[in-house]
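Colleague: I have a structure I would like to understand better, so I am pasting it below and will then ask my questions one at a time.
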Amino acid sequence: MSKIQIPGRPVEEILQASPDVQRYIRKLERDTMTDPLTHLGNRRAFELYANELLPLLPVDEHDRRKPGLRDLGLMIADVNGFKPVNDLLGHSAGDIMLKKAADAMRKGARRGADRACRIGGDELALLLPNADGALPGIVDLVQLYFLERVAKERKTVPDLDLAIGFVVIERYVPFKEFYDAADASMYSNKKAMAGSEYHGRRTHAR
């Protein structure tokens, strides 16, 4: 296939020569990996990062490679009670609550390698390389931070909470198996919270 030509100069040369174009391209690349509402990573960023991290885990106990990771944690959170907010108060109010949930997940991403993402609707995820047993404490931190953030809205919005589940693995598994385990953990937590006066329970798989 012939290359696109601009009179006198090929497109590749123009792109390489123009700092403004290069900056614009980098911005486009960032935008394709960012959720526009919460400014967290989007689903694409989440899946790409997870698939970069998973091969760094040992395959089994006989894997003689020096492991890049000791373990890998994944936390998935769902905003419990989100639909009534949208239905009663409108999508603008729902967007505000999603931003508060995103802030809580961002709070849990305490180290440079941790990555918080919005993976769809009112579901958010947090990837934690080398979690080292810290994930239960991070779950509590995220939950408490979210509850504090929405406490001021209690008079105007229905009860909100985060249904949270997580998984920590020490051996390589395919992405779908990794994701499904954390997602099932979250839904188990969501069912346990249904009709319960106690909010903030968590469940996990390992």
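Colleague: Scan around ASN80 for amide H atoms under 5 Å from its own, H built in the peptide plane at 1.01 Å from N, and keep only partners 5 or more places away or cross-chain.
Modeller: Excluding prolines and chain starts, which carry no amide H, the hits are ASP161, LEU162, ALA163.
Colleague: Using a cut-off of 12 Å between beta-carbons, work out the net charge of the residues near TYR179 (Lys and Arg +1, Asp and Glu -1, TYR179 not included).
Modeller: -3
Colleague: Give a residue-ordered list of calculated ³J(HN,Hα) values for the range 115-125 (Karplus: 6.51 cos²θ - 1.76 cosθ + 1.60, θ = phi - 60°; whole Hz; x for Gly, Pro).
Modeller: Using θ = phi - 60°, the values come out as 9, 9, 9, 9, 9, x, x, 9, 9, 10, 9 Hz.
Colleague: What order do you get for ASP183, ASP159 when you list them from fewest to most C-beta neighbours inside 10 Å?
Modeller: The fewest-first ordering by Cβ neighbours comes to ASP159, ASP183.
Colleague: Let me ask you something else. Order these by the 10 Å Cβ neighbour count, fewest first: VAL139, VAL59, VAL168, VAL173.
Modeller: Lowest to highest Cβ neighbour count: VAL59, VAL173, VAL168, VAL139.
Colleague: Mind checking the dipole of the range 43-205: about its Cα centre, +1 per Lys or Arg Cβ, -1 per Asp or Glu Cβ, Debye to the nearest 20?
Modeller: Dipole size: approximately 420 debye.
Here, each number is a calculation from the coordinates, and none is a lab measurement. No experiment lies behind these values; they were computed from the predicted model shown. A quick note on method: Cβ atoms are made from the backbone with ideal geometry, for glycine too, and the neighbour counts reach across all protein chains shown.
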